[in-house]
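Read the structure below first, then the notes.
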Amino acid sequence: MDFTNSAPTAERKPEEENEPSSSDEDEESLFLPQAKEVFAQRRKPVVIPRFPENFPSEHVNPDEEGLDDSLTDEEDELSNEETNDVEKATTVSSEEEEEDEEEVQNPHESIEQLAAGREEKEDDDIIVAICNAAKPQEKVKPPDLRTSSNCMVTDISFHPNEELIAISDIEGEITCYKYGNEENDLLHTLNHHKKSCRALTFNHDGALLFSASKDKSVVITDTETMKVTQCFSKAHSSPIYSLLCLDANIWASGDDDGVVKVWDKRRNAQKPVAEFKEMDEFVSSMVTDSGSRLLVCTSGEGTLTAFNTRTKKMDGQSEVYPSEMNCVGLVRQETKVIAGLGNGNMYIFDWKAFGYHSDAFGDHPSAINCMLPIMDNIVITGCDDGKIRAISLFPHRFLGVVGHHKFPIERLDISTCGHYIASTSHDGRVRFWNISYFENPDLKLMESTTKKSVRNKKRSLRKEKLGFQLPSSKRRNRGDFFAGLAEPEPEAGPAAEAETDSESEAAAADTDASSGSD
C-alpha cells in the first residue's frame, strides 16, 4: 500500500491548528474597540463586596492576580474610572439606604403610635359607653300604675291644677295618686260604689271629684277632705255610661238607654234641670264649648246630637252612620267637631251644623275607642289594636304611634302641664307617655329617607305612617339602626322640583291613558 499521499496531510493538520486564522484577527481588531466603548458607556455600576481584613489570601485565584497586569493603559484608565464610579454609587446607595431605613422606621413608629392611640380611643369609647349604660337613665315620665286588686281600669282623670290623678276600676274602687317621674305616691282610696265605676272626672277648678257607677248612682267628693258632699243614688233608671262637668255648678250624665240629664249641684232636690231622650243606644261621650251653651253627645246608634242647655231643646242631630260613635272632641278653636267611629273612620262636623259631616278621615286600621285633642290641629286616638296614634288635621295625616298596649285602649287623658298623657287598657295598667316633643317647632316628623314612585306613594306612605314610632314610644323604627350610615339627602333645588313635576305629569298621563283604554 502507498502511504505517501496520506502522510503530508497528517503532518499538515497540527500546523493549521497552531496557526491563528486571519478571520479571527479581523474580528478581534474590529470588535474589541467598539465593545470597550460600549462597555464603558453602558456598563452599570457593580457593587463590590467588602471582604473582611483577615480573609485568607490562599483563596485568591492566581489567574485573577495576573489579570490586572495583562490590561492595557486604556483599560487601566477605564477600570479606574469605573471603580471610582462604583465607589461613588456605593456610597450614595448606602446613604440612601440608611435614609430609607430611617424613613421606614419612622413610619413604623408612627403607625404603631396611631394604632396604640386608636386602641386607647376605642377602649375609652367602650368604657364611656359601659359607664353610660350603667348609669340610671333620666326618667322623662312617671312609672306605670296598677290598681290595688290588679283589675281592669275603667276611667282616669287628671287634676286640673295639681299633679294628681284619679283612677277607677271595674270593682268600684277609686284611687288617687300623686304622680312624678321618680315614683307615684298613693294618697287616697275610695269605696263609694257597689258596682263598677264607669265614669270619673274633676270639675274645672279641681275642688270636686265626680264619679258615676253601674249601680245608677253619682257621687260628688271633696278633693281636700276626701269626703262625700253629695250622692245621687238613683240618678238614672239605667246604668250610667258617661259624665261631663259643664262649668263649676252644672254637670251632665248619660246612660245605657240614650237618656241625657243635666244637673245643678246648687239645688237641694235631687232632680235634673233638663232631661233628653233623643237616642236609642248608650251615650258614649259628651263635649261642650267654652260657653257651655251646647252639649254635644255621641251615641252607639251612630248619631251625633246637640242639646241646648238653656232652652232645654235639641239643637240638631246627624243622620245615622254605619257604625257606633264612640268619642267626640273639639278642634280648630271650637269651630269643628270630630267624632271617632267603631269602623275606624273619623268624621268632622262644622259647629252648629251637625246634620252631615263636612270632612272625613278613614285610615285607622281598627275601631277608635277614645279621642283626646291636645292641640288646635293634633288629636290623639286610642284604638282596638292597642296603639295610641297622633293625627294632624288640615291637612289630615298620621304623625305616628305615641304608645301601645297589648289590649284595646279604653281611656285617654292629658295632664295639667300638657307634657303627659295617660292611657288605660284591659290589662289593668295605667301608662304615661311624654308628649312634650310636640311643642318643639324644629321637630320634623315622618321624614322619609327613601324615594318612592308616584303610583305607590300613597300606599307606602300610609303603611309607613301607621307604624312610625314617635319619641314617646319605647319601640324603635326599623330604619333607626342604619340611620347613622345613611347619607343626607341634598336639598331639593329647581332641577329636582322640575324632575318631580315631570314624574307626576308622566304618572298622571299614564293613569289617563289606562283609564282611556279601559
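Annotations
- Each of the peptides 185-191, 337-343 was scored by the mean count of other Cβ atoms within 10 Å over its residues; in descending order, highest first, they stand as 337-343, 185-191.
- For region 255-305 and region 371-415, distance of Cα centres in Å: 25 Å
- Region 153-277, accessible surface, carbon-and-sulfur percent (1.4 angstrom probe): 44 percent
- Cut-off under 5 Å, modelled amide H: who pairs with residue 369 long-range: 382, 383, 384
- Per residue, in Å², the accessible surface of region 286-411 once ligands and nucleic acids are set aside, probe 1.4 Å: 36 Å²
- Amide H partners (placed H, <5 Å) of residue 357, local residues excluded: none
- In this simple spin-label approximation, residue 186 and residue 335 carry label points 7 Å from Cα along the Cα→Cβ vector, and these lie 4.9 nm apart.
- Amide H partners (placed H, <5 Å) of residue 321, local residues excluded: 303
- Heavy-atom accessible area per residue - region 153-277, 1.4 Å, Å²: 43 Å²
- Label-point separation, residue 230 to residue 375 (7 Å along Cα→Cβ), nm: 3.8 nm
- Whole-Hz ³J(HN,Hα) from phi, Karplus 6.51 cos²θ - 1.76 cosθ + 1.60, for region 430-438, glycine and proline x: 10, 10, 9, 9, 8, 10, 5, 5, 5
- Ordering of 283-295, 214-226 by packing [mean C-beta count within 10 Å, highest first]: 283-295, 214-226
- Pairs from 178/312; 261/352; 265/336 whose Cα-Cα separation, in the structure shown, is over 32 Å: 178/312
The values are calculated or read from the model by the stated rules, or taken from the named source; none is laboratory data. It should be emphasised that the depicted structure is a prediction, and the values quoted were computed from it without experimental measurement. Here the Cβ is made from the backbone with ideal geometry for all residues, glycine too, and neighbour counts use every protein chain on show. For the accessible areas, the whole protein counts, side chains as well, though only heavy atoms, and no ligand, DNA or RNA atoms are used. Shrake-Rupley method; radii C 1.70, N 1.55, O 1.52, S 1.80 Å.
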